[in-house]
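Enquirer: Pasting in a structure now, in structure tokens, and then I'll have a few things to ask.
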Amino acid sequence: MKFRHKKPSQKHQQPIIPRVHIQVRNGQFEIMGMGVWHSYWRDPYHLLLTIPWSGFLLLICIFYVAINTLFALAYRLGGDCIANAQPGSFLDAFFFSVQTLASIGYGAMYPTTTYANIIVTIEAMIGVVGIAVMTGLAFARFSRPTARVMFSRVAVIMSQEGLPTLLFRTANQRRNMILEAQIRLYLMRDEVNQDGGSLRKIHDLKLVRSQTPNFSLSWTIMHIIDESSPLFGMTSESLVKTQSLLMVSVSGIDETVAQVVHARHSYAANDILWNSRFVDIMHRTPDGHRYVDYNYFHDVLPVNEVIR
């Protein structure tokens with residue numbers, strides 16, 4: 001008995017995964033070029049929650065005009081089936097569709113045939129469902145808690161109490177507190193394993209203070225580069241060569257809405273400045289009060305002591 005090998009059908013073949021591009025833009029870690037199968041359009045709910053409000057409102061307007069245009073064409077296919085509408089007028093059919101979709105019902109125009117009543121019934125059902133969906137999406141966007149945490153544009157490495165230390169700054173841009181705030185710092189870089197293969201590895205970086213009971217103003221994050229640090233022995237050139245990336249994650253409870261909020265930021269190798277320090281933003285008034293000047297939040301100065 002002979003067995004014939006069949007070629008695998010198209011539905012059983014492994015999908016071709018497109019190339020994925022990773023980049024850091026404005027300090028944010030972004031994944032680009034995911035391809036059509038991973039496009040936002042395959043996940044419309046996520047798209048409508050993540051796009052800016054201007055894009056959200058624009059999509060609603062486009063959808064609203066498109067659905068009324070389709071129903072206007074459907075009414076036109078039924079002939080003169082709308083009372084008090086000018087014969088052959090697309091605008092009258094369009095505005096009758098607007099009145100039906102929104103359940104306005106002025107009474108000036110109304111369906112006169114069975115065909116028109118069927119179209120009105122379908123449009124009324126779509127209008128009820130559409131209003132419910134748009135209301136739910138708008139509520140989900142409004143109710144989603146967000147954090148307005150500002151990160152310094154660069155991180156610096158300087159000598160702190162005789163030890164090389166990595167520093168960067170964060171600030172709460174809202175006039176409230178983020179309670180039980182926690183911050184985590186990771187180093188992502190290319191490494192070569194024992195077999196000679198390359199891999200992208202993530203290391204946890206231990207912080208001098210990784211949490212605070214209330215995060216209201218500014219917070220300077222510090223990581224001491226000692227022998228236990230993954231950054232020990234590295235230079236600016238080796239950071240670039242290994243395509244190193246610092247990833248920051250902040251989370252806490254927003255006291256206003258009593259919900260967990262989070263923020264993230266990334267520093268590429270070129271965003272890490274060696275032998276530099278941040279400009280002081282804490283000042284005192286003549287009467288003894290302290291204040292924070294955020295005009296110099298991102299500014300740095302060179303230091304004389306060179307880290308080797």
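The values are calculated or read from the model by the stated rules, or taken from the named source; none is laboratory data. Model, not experiment: these values are computed from the prediction. So basically every Cβ, Gly included, is an ideal-geometry build from the backbone, and we count neighbours across all protein chains shown. Note: areas computed on protein heavy atoms with side chains; ligands, DNA, RNA excluded. Shrake-Rupley method; radii C 1.70, N 1.55, O 1.52, S 1.80 Å.
Enquirer: Checking the structure you have, find out if any residue of the range 235-245 is touching a Leu at 6+ places or on another chain (Cβ under 7 Å) and closer than 19 Å to residue 160 by Cβ.
Expert: No, the range 235-245 contains no residue that is touching a Leu at 6+ places or on another chain (Cβ under 7 Å) and closer than 19 Å to residue 160 by Cβ.
Enquirer: Does any residue of the range 281-295 turn out to be modelled with pLDDT under 90, touching a Lys or Arg at 6+ places or on another chain (Cβ under 6 Å) and within 24 Å of residue 187 (Cβ to Cβ)?
Expert: Scanning the range 281-295, I find no residue that is modelled with pLDDT under 90, touching a Lys or Arg at 6+ places or on another chain (Cβ under 6 Å) and within 24 Å of residue 187 (Cβ to Cβ), so the answer is no.
Enquirer: Still on this structure, please answer the following. Which number in (1) at pLDDT 90 or above; (2) open to solvent by 50 Å² or more (accessible area, probe 1.4 Å) marks the one condition that residue 50 misses?
Expert: Residue 50 satisfies all of (1) at pLDDT 90 or above; (2) open to solvent by 50 Å² or more (accessible area, probe 1.4 Å) except (1).
Enquirer: Assuming residue 76 fulfils every condition listed in (1) open to solvent by less than 80 Å² (accessible area, probe 1.4 Å); (2) touching a helix residue (DSSP H, G or I) at 6+ places or on another chain (Cβ under 7 Å); (3) at pLDDT 90 or above; (4) in a helix (DSSP H, G or I) apart from one, which condition is it?
Expert: The one condition residue 76 does not meet is (1).
Enquirer: OK, next. Which condition from (1) under 45 Å from the mean Cα position of the chain (by Cα); (2) farther than 21 Å from residue 141 by Cα; (3) touching a residue at least 24 places away in the same chain (Cβ under 8 Å); (4) surrounded by 16 or more Cβ atoms within 10 Å (Cβ to Cβ) is the one that residue 111 breaks?
Expert: All conditions pass for residue 111, except number (1).
Enquirer: Please work out which one of (1) hydrophobic (A, V, I, L, M, F, W, C); (2) open to solvent by 60 Å² or more (accessible area, probe 1.4 Å); (3) out of contact with any Phe, Trp or Tyr (no Cβ under 8 Å at 6 or more places or on another chain) is the condition residue 202 fails and give its number.
Expert: (3)
Enquirer: A further question on this structure: Determine which member of the set 67, 62 is in the same structural domain as residue 131 (by the TED database), open to solvent by less than 80 Å² (accessible area, probe 1.4 Å), within 19 Å of residue 134 (Cα to Cα) and assigned to a helix (DSSP H, G or I).
Expert: Only one candidate passes the filter, namely 67.
Enquirer: Of all residues in the range 252-308, which are in contact with a Gly (Cβ under 6 Å, 6 or more places away or on another chain) and within 18 Å of residue 236 (Cα to Cα)?
Expert: 266
Enquirer: Let me ask another. Return the pairs, sorted by first residue and then second, in which the second residue is exposed (fewer than 11 other Cβ atoms within 10 Å of the Cβ), the first residue lies in the range 41-52 and is without any contact (Cβ under 8 Å) to a residue 60 or more places away in the chain, the beta carbons are less than 8 Å apart, and the residues are 6+ apart or on different chains.
Expert: Pairs found: 42/36; 47/41.
Enquirer: Can you tell me which residue within the range 280-308, out of those that are under 25 Å from residue 147 (Cα atoms) and part of a loop (DSSP other than H, G, I, E, B), is most open to solvent (accessible area, probe 1.4 Å)?
Expert: Only one residue tops the list, namely 280.
Enquirer: A follow-up question, please. Checking residue 232 against (1) within 20 Å of residue 164 (Cα to Cα); (2) in contact with a strand residue (DSSP E or B) (Cβ under 8 Å, 6 or more places away or on another chain); (3) not acidic (Asp, Glu), which single condition isn't satisfied?
Expert: Condition (2) is where residue 232 drops out.
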